[in-house]
Structure formats: structure tokens, C-alpha cells
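In what follows, a structure is listed as C-alpha cells, so that the remarks can point back to it.
The values are calculated or read from the model by the stated rules, or taken from the named source; none is laboratory data. Every value quoted in this text rests on a predicted model; they were computed, and no experiment measured them. Cβ coordinates were reconstructed from backbone atoms using ideal geometry, including for glycine residues, and neighbour counts include every protein chain displayed.
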Amino acid sequence: MNQGAILKSYNGALKLILDPEMSFNEVLACVRDKFYESRKFLGTGSIILDIDGRKLSEIEESLIIDAISASCDVSISCIVGKNEEDQEHIRKVTEILNERLNDKEMCRILHGSVMNRQVIDVADSIIVFGDVNPGSEIKSGGSIIILGGLYGKAHAGASGDESAFVCAIELEAQELIIGEKKYEPETKPVWSAVLKSSPKVARISDGEITISPLNRVVMEKIYESKKLQA
């Protein structure tokens, strides 16, 4: 068994555990072998990757991603899980979604990131397993949930639904609109290749868009508001 690189799946992410004692070149070879062996199981599409076991420089992290891309047919939408706190953020987001998004609420699912100059326009709510990159735009008649970073433009509640919301693991939008309300950040958004993992939700409160940390209390308020409007 290849112990230099071990793969585990959890909460919608793939965890890659690297041997801390091996040289980096040995670990890199193990990563190539592991993802090549697992290529049929992994299939195609975009995945959220959690790297654990050893501290990597940005160059080493980039080489790991390149090795994965060369060994199988998946692409890395974002990297998370630098510590237990990051993993807890992912777990909470997934738990909230599993409880609240059921067959009574129409929802589209997009596997993969939204790239520069790409526009996604749907009538229903949408979940994005990836990033919404700078220069891209996502528009939804309902809510927008991004299991990655929101760095481009997002317009939720485009059908006039002001109870819609936008949540993302990292929310640094170039432009954010809910219903007809527009939010413009006071400072220029900062894009990072590695998520800061501080999930936030944007919603309309007292007639204005507010952005707050994603937690169960906030989500309960959102869904109670939806029930009252219904």
C-alpha cells in the first residue's frame, strides 16, 4: 500500500494525507501514483481538496495540483482544510445544506468553477461546487450557494425574491445583488488561490444587504423569513 499519499473522502471534500518524513519528490511521485490508481473511482469534474500531513510552500502546493491534474480527469476547484477549524467550516456548511435544501425547493447543481467571462443564468437556486472567479457572473432566480470562493459577480433573487441569499466559503465578490438591492464592498476584493475558510452569507435585512458569518442562527432567520413570505 502506498503510504506516501493517502486519500480519504469527507463532507464533499477529498482529503490528501502526505507523509511528513519523505522527501518532497518522493511524496510527489506517491501523489501521482495514488491519483492514477484512483482515476476511475474519482471520475471527472471538480473537487474540493484538503491537504494534510505536512506543511507545503506555495510552489510545492502548485506542483501537487499539477501532478493530480496530470494523473486523472478531475480538477481542483479549491484547497481547504489547513486545520481543524477549516474542516469544521466545511462540515457546518454541508450540514446546513443537507437539512434545508430538499425536494420541495428547486435547486440546480454546478460541478466545477465559473471561469473568467463565463455567465451562468438560472431560474432556480443553485449550488456551485467550485469557485466563481473574477470576471465571471452567476445569476439566479433563487439563492446562490458556493462551496468555494465568490470572487466575481453574483445576483440572487433575480426574479424579485428579496428573501434569497448568497453564501460562500470565501465571499469577496466584485459585485453582489439580491433582488434589486446592490452591495458594493468598501475595499477592493482580494482573491487568493487558497481559501481563507470563513464562510459568510449575504441577505437583505432592514432593507439593505448585510454580510455576516454563516451559522445556524442566521440560516434559521432566513428560512423563517421565507416561510412568512410564503
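Of the residues making up the stretch 128-147, those that are modelled with pLDDT under 85 and outside any loop (DSSP other than H, G, I, E, B) number 2.
Taken over the stretch 167-182, residues that are surrounded by 23 or more Cβ atoms within 10 Å (Cβ to Cβ) and outside any strand (DSSP E or B) amount to 1.
The number of residues in the stretch 148-166 being among the small types (Gly, Ala, Ser), under 19 Å from Gly207 (Cβ atoms) and assigned to a strand (DSSP E or B) comes to 1. Cβ separations smaller than 9 Å between residues 6+ apart or across chains give no pair from the stretch 120-139 residues that are free of Cβ contacts under 8 Å to residues at least 40 places away in the same chain and closer than 15 Å to Glu175 by Cα to residues that are aromatic (Phe, Trp, Tyr) and outside any loop (DSSP other than H, G, I, E, B). Can you say whether Glu85 is under 17 Å from Leu214 (Cβ atoms) and either modelled with pLDDT of 75 or more or out of contact with any Ser or Thr (no Cβ under 7 Å at 6 or more places or on another chain) (or both), as far as the supplied structure shows? Criteria met by Glu85. Can you say whether Lys104 is at pLDDT below 80 and assigned to a loop (DSSP other than H, G, I, E, B), as far as the supplied structure shows? Considered against the rule, which asks whether it is at pLDDT below 80 and assigned to a loop (DSSP other than H, G, I, E, B), Lys104 comes out as yes.
Just one of (1) out of contact with any helix residue (DSSP H, G or I) (no Cβ under 8 Å at 6 or more places or on another chain); (2) modelled with pLDDT of 60 or more; (3) surrounded by 13 or more Cβ atoms within 10 Å (Cβ to Cβ) fails for Asn116. It is (3).
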